[in-house]
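One structure is given below, encoded as structure tokens.
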There are 2 protein chains.
Amino acid sequence: MKALLIIAHGSRRQASNDEVKKIATQIREHGQHDFDIVESAFLELASPLIPEGIEHCVKSGAKQIVVSPYFLNSGKHVTEDIPEIIAEVKAAHPDIIIEVTPHVGSSPIMLDLILKTASGS
Amino acid sequence: MKALLIIAHGSRRQASNDEVKKIATQIREHGQHDFDIVESAFLELASPLIPEGIEHCVKSGAKQIVVSPYFLNSGKHVTEDIPEIIAEVKAAHPDIIIEVTPHVGSSPIMLDLILKTASGS
């Protein structure tokens, strides 16, 4: 089984965390994809944290987990904190394939997204 | 003339600010759109700030400015801080049409962006 784990920074404002959870729900229920599991997790300030999110995917039967950093910029969280946490969970789960994709802000689709939003479509 | 002003939070890390400026440059040079001017500005911590960014667009001849909040969540920055600043610049420029689009994180295209990034395309 294959999982997609969307990881965001996490906020003290629960509504912001809920927006991330909603994106995971929308992808799970409506997205065109081959993920059996779609979950979200947070770097800090909110639950579940990344290791818990990975555990949840593993307990749900995931053998492969694609981690998608929901961050706009390639700051320290993306370049250092997330890779460090993922290295630890990989060591704890040597039998699971865990890969981290580029952060969403680096996608070339972002240009199109901005323009489509700007044109009201 | 019509301007697109992408506004991000702003970071003490210059590389993060440069990523936002790069997106504006890429849209300006390669995007399929009808904007005569494409610029970026920041809510705080980086230059130009939003009022300066608006001034720059006006001085470049913009009569209509579309402001695109480059934020993932609808926190206080998106719901209160940016609207307050825009209300002030609107009062200072009653002859310019200034509109704020939804923040990028609210776009339905984000789901597709995450999935395409996750599938390596």
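The values are calculated or read from the model by the stated rules, or taken from the named source; none is laboratory data. None of the values given here were measured: they were computed from a predicted structure. Glycine also receives a Cβ, built like all others from the backbone with ideal geometry; neighbour counts cover every protein chain displayed. Side chains included, ligands, DNA and RNA excluded: accessible areas come from the protein's heavy atoms. Shrake-Rupley method; radii C 1.70, N 1.55, O 1.52, S 1.80 Å.
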Item to check | A:Pro108 being within 20 Å of A:Ile27 (Cβ to Cβ) and at pLDDT below 95 | outcome: yes
Next on the checklist: Tell me whether region B:69-80 contains one or more residues that are over 26 Å from A:Ser107 (Cα atoms) and charged (D, E, K, R).
Outcome noted: yes
Checklist entry - Among the residues of region A:26-38, which ones are touching a residue at least 12 places away in the same chain (Cβ under 8 Å) and out of contact with any Gly (no Cβ under 8 Å at 6 or more places or on another chain)? => result A:Ile27, A:His33, A:Asp34, A:Phe35
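Every residue, every condition in (1) more than 13 Å from every other protein chain (Cβ to nearest Cβ); (2) more than 29 Å from A:Gly10 (Cα to Cα); (3) among the basic types (Lys, Arg), yes or no:
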{"position": "B:Gly31", "(1), (2), (3)": "no, yes, no"}
{"position": "B:Asp34", "(1), (2), (3)": "no, yes, no"}
{"position": "B:Ile37", "(1), (2), (3)": "no, yes, no"}
{"position": "B:Ile54", "(1), (2), (3)": "yes, yes, no"}
{"position": "B:Ser68", "(1), (2), (3)": "no, no, no"}
{"position": "B:Phe71", "(1), (2), (3)": "no, no, no"}
{"position": "B:Val89", "(1), (2), (3)": "yes, yes, no"}
{"position": "B:Thr101", "(1), (2), (3)": "no, no, no"}
Checklist outcome for this item: Across (1) open to solvent by less than 20 Å² (accessible area, probe 1.4 Å); (2) within 12 Å of chain A (Cβ to nearest Cβ); (3) farther than 17 Å from A:Asp112 by Cα; (4) in contact with a helix residue (DSSP H, G or I) (Cβ under 7 Å, 6 or more places away or on another chain), B:Ala118 clears everything bar (4)
Checklist entry - Of all residues in region B:1-60, which are touching an Asp or Glu at 6+ places or on another chain (Cβ under 8 Å) and open to solvent by less than 10 Å² (accessible area, probe 1.4 Å)? => result B:Ala3, B:Leu4, B:Leu5, B:Ile6, B:Ala24, B:Ala41, B:Gly53, B:Cys57
Checklist entry - Pick from A:Ala8, A:Ala41: which is touching a residue at least 24 places away in the same chain (Cβ under 8 Å), within 10 Å of chain B (Cβ to nearest Cβ) and within 22 Å of B:Leu113 (Cα to Cα)? => result A:Ala8
Checklist outcome for this item: For region B:1-10, the count of residues that are in a strand (DSSP E or B) and in contact with a helix residue (DSSP H, G or I) (Cβ under 9 Å, 6 or more places away or on another chain) equals 6
Checklist outcome for this item: Here the residues within region B:73-87 that are of a type in the set (A, V, I, L, M, F, W, C) and either away from every other protein chain (no Cβ under 13 Å) or farther than 28 Å from A:His103 by Cβ (or both) are B:Ile82, B:Ile85, B:Ile86, B:Ala87
